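Structure first, then comments.
The values are calculated or read from the model by the stated rules, or taken from the named source; none is laboratory data. Everything numeric in this text was worked out from a predicted model, so none of it was measured. In this analysis, Cβ positions are derived from the backbone assuming ideal geometry, glycine residues included, and neighbour counts consider all displayed protein chains. Ligands, DNA and RNA are excluded from the accessible area calculation, which covers all protein heavy atoms including side chains. Shrake-Rupley method; radii C 1.70, N 1.55, O 1.52, S 1.80 Å.
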Amino acid sequence: MVEITLPDGSKQRYDGESVEVREVVASLGDNWLKTAIAAEFDNHVVDFHQRISGEGSFKVLRESDPPSLDVLRHSTSHLLAHAVKTLFPNAKLAIGPSIQDGFYYDFDVEKPFTPEDLERIESAMRDFLKTRMDFSREVWSKEKAKDYFAAEGEAYKLELIDEIPDSDVSVYRMGNFLDLCAGPHLDSTKWIKHFKVLSSAGAYWRGDSSKPMLQRIYGTAFYKKKDLDEHLKRLAEAEKRDHRKLGKILDLFEVREEAGGGLVFWNPKGSILRETIEQYLKEKLLEKGYELVLTPHIARAELWSTSGHFDYYSDNMYTMEVEGQDYVLKPMNCPGHILIYQRKLHSYRDLPVRFAEMGTVYRRELSGTLHGLLRVRGFTQDDAHIFCTPEQLSAEVDASLDFALEIMADYGFDEFKIELSVRDPKKQEKYAGEPDEWDAAEKALESSIRRKGFPFTLMEGEAVFYGPKIDIKVIDAIGRPWQLTTIQFDFNLPKRFNINYVDRDGERKLVVMVHRALLGSVERFVGILTEHYAGAFPLWLAPVQCRILPVTSERAPYGKSVLEALIERGVRAEMDERDEKIGYRIREAELQKIPYMLVVGGKEAETGEVAVRAHGRGDLGRRKLGDFIGEIVDEVRSKR
RNA sequence: GCCCACGUAGCUCAGUCGGUAGAGCAUUUGCAUGGUAAGCAAAAGGUCACCGGUUCAAAUCCGGUCGUGGGCUCCA
């Protein structure tokens with residue numbers, strides 16, 4: 001007997017040990033069968049072909065239910081594999097899951113796919129769709145499956161079968177294409193209409209660089225044409241916002257081949273932007289009771305042996321030998337801050353001690369992972385270390401969380417995702433620190449988030465070996481998440497360096513140490529901000545806030561007086577007095593996304609006015625220079 | 001690091017079959033003094049990423065190096 005509970009609370013019963021989902025859906029009425037994609041039984045997505053048993057909640061999934069999209073994409077990946085196997089019979093199948101924005105399928109082929117191959121594959125897929133194919137599911141014994149896939153030469157599938165704990169496996173058939181697959185799948189190909197093969201790239205089998213390199217084809221699929229079009233538009237929008245492109249147009253920064261990959265040169269405009277961000281943060285740090293420190297860029301290797309970095313991080317460190325001594329270019333700021341802490345004996349009355357530094361560090365990232373400002377080899381962390389007593393821990397986490405959110409709000413981020421990474425309870429031995437320390441730390445982090453009332457995702461087993469952490473991801477203007485803030489406990493370094501304080505009872509005790517970065521890396525943050533604002537920075541951040549455009553060279557002297565008045569009030573202003581027509585100079589200022597353009601000609605010169613034009617908003621009309629300065633200064637202050 | 005693609009003027013890019021390079025923009029110089037998104041003309045500008053090989057001859061073909069781009073478990 002099978003019993004299901006429908007969303008409206010009503011129950012249905014079916015005879016027998018198990019029942020096919022298709023039957024269940026059919027029993028609910030004919031129209032359901034036409035519109036249903038799959039179903040949810042006991043909170044698991046099941047397709048028409050699967051059998052359910054026992055009792056559980058049951059919900060029919062239709063196009064608009066999010067899990068249906070995964071089903072569509074997974075099935076489209078099978079269609080892709082079908083096309084590939086048809087065009088490239090020697091291709092070996094790996095895996096083909098549905099992912100965030102689409103799907104992929106990995107193949108082992110002799111030659112990587114060319115863009116032309118992808119076109120052929122896509123049109124083969126469309127050809128298949130001309131005749132409707134039904135998906136069907138079969139349950140095979142492992143032996144049968146192994147015999148079959150061995151005969152087909154599908155080595156990757158054999159490897160997968162061996163890892164499946166059950167005694168039986170499922171295979172799905174579509175036309176004459178058969179694949180080892182857990183499902184769920186569509187009932188037929190009739191739902192596959194709006195899809196696109198996007199790109200191909202190398203990808204290791206199981207993401208392991210010691211394993212063979214496969215060729216991955218990415219694609220996406222939607223139920224509605226409108227959704228596909230919108231998705232493709234989003235991709236185009238993301239490309240337009242690419243900080244590498246904008247960085248060049250706006251003359252912010254460069255990565256020079258002469259110097260090497262992942263090393264950033266900040267041009268004047270990028271530098272002023274960075275300075276603005278850093279100076280603002282430093283002001284805030286001082287307000288919040290942090291002390292600014294500076295530590296050397298290189299230090300003897302011994303320091304890094306004490307910290308333990310040498311043992312597990314040396315592949316990522318730049319090292320050098322000086323007069324027979326090994327030195328390390330710092331990949332992290334913590335040991336330096338610890339040395340400063342240790343310059344004297346601390347009383348519990350001194351704590352918490354909070355050290356902050358715009359600490360530039362260098363890490364040897366793999367060349368293939370370098371990416372604009374987002375993944376570099378030299379970068380500046382807004383790094384801070386808090387040394388406190390266990391009792392202070394909770395308050396410090398609270399304050400850090402508040403600080404992070406306050407800063408994010410200034411940059412126009414108002415949507416977040418918070419992740420709390422804790423131990424894997426099954427692997428206690430891999431963590432530094434005592435279980436009760438961990439309990440306290442994890443509790444402090446969790447209660448801080450709860451106190452703020454934020455939803456969060458608990459990431460069990462995601463904690464680093466030295467302590468639990470909170471990560472905050474911000475959602476940018478086009479909905480993409482970026483990880484910025486991290487607040488991490490450290491039970492490792494206090495022991496290694498014996499960082500202590502003298503408590504009330506006269507005993508020396510180990511401090512509790514918290515690593516904390518709000519923006520993460522300043523380089524990366526500027527990259528993210530550039531994409532978030534699409535290069536049109538708000539006034540307070542704009543490298544050039546105001547450009548003065550005299551209509552004719554005759555009005556340059558008046559322009560100059562306007563310029564001087566603005567600069568005197570701290571506005572980043574410049575004048576474009578080239579012998580070009582006003583339209584041409586406006587166009588250039590618009591392309592450079594300069595927030596304000598002041599057009600000054602005869603009329604303005606006579607009345608002491610300026611004609612204000614705002615980026616993207618056009619002509620705002622004339623006003624007194626003094627009024628404009630008041631407005632612009634206010635706007636900078638408001639960080640809007 | 002690995003797979004694939006790419007690297008030509010400051011920028012964006014053409015360059016066919018191997019025969020010593022071209023456009024637009026930017027720059028400089030003239031002319032034009034123009035009121036809200038590109039005035040006109042001329043000049044100048046290149047170690048075709050770098051190193052090596054094949055060839056009478058290489059931007060072009062081959063090998064290597066460096067750099068850039070798309071990716072490298074969201075798991076049958």
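Of note:
- Residues in the range A:321-334 carry Karplus couplings, in order, of 10, 10, 6, x, 10, 7, 10, 10, 7, 5, x, 8, 9, 4 Hz; the curve used is 6.51 cos²θ - 1.76 cosθ + 1.60 with θ = phi - 60°, and Gly or Pro positions show x.
- Å² of accessible area per residue within the range A:2-62, as computed with a 1.4 Å probe and no ligands counted: 53 Å²
- Accessible area of chain A belonging to carbon and sulfur atoms, whole % at 1.4 Å probe: 49 percent
- Comparing Cα centroids, the range A:526-542 and the range A:362-407 end up 21 angstrom apart.
- Converting phi to 3J(HN,Hα) with the Karplus coefficients 6.51, -1.76 and 1.60 and the offset θ = phi - 60°, the range A:229-244 yields 4, 5, 5, 5, 5, 4, 4, 5, 5, 4, 5, 5, 8, 3, 5, 6 Hz in sequence order, with x at every glycine or proline.
- Of all DSSP beta bridges confined to the range A:546-638, the antiparallel ones make up roughly 55%.
- Prolate/oblate/rounded label for chain A (Cα gyration tensor, a/c 1.5): oblate
- Accessible area per residue in Å² at 1.4 Å probe, computed on the range A:386-479: 46 Å²
- Potential lengthening between A:His297 and A:Glu321 on full extension [0.36 nm per residue; Cα-Cα distance subtracted]: 7.2 nm
- The range A:179-228-the range A:281-339 distance, computed between alpha-carbon centres (Å): 44 Å
- Charge tally for A:Lys603 (other residues, Cβ to Cβ under 11 Å; Lys, Arg +1; Asp, Glu -1): -1.
- Distance in nm between pseudo-label sites at A:Glu230 and A:Arg256 (7 Å out along the Cβ direction from Cα): 4.6 nm
- Amide proton proximity set for A:Phe253, modelled H, under 5 Å, gap of 5+: A:Asn267
- Rounded to the nearest whole Hz, the Karplus-based 3J(HN,Hα) values (6.51 cos²θ - 1.76 cosθ + 1.60, θ = phi - 60°) of the range A:373-387 follow the sequence 8, 7, 9, 10, 9, x, 8, 10, 8, 8, 9, 9, 10, 10, 10, with x at glycine and proline.
- Between amide H atoms placed 1.01 Å from N, distances below 5 Å from A:Ser200 occur with A:Tyr218, all of them 5 or more places distant or on a separate chain.
- Of the peptides A:535-544, A:549-558, the order by per-residue mean of other Cβ atoms within 10 Å, starting with the highest, comes out as A:535-544, A:549-558.
- Calculated accessible area for the range A:211-346 comes out at 56 Å² per residue, all protein chains present (probe 1.4 Å; ligands, DNA, RNA ignored).
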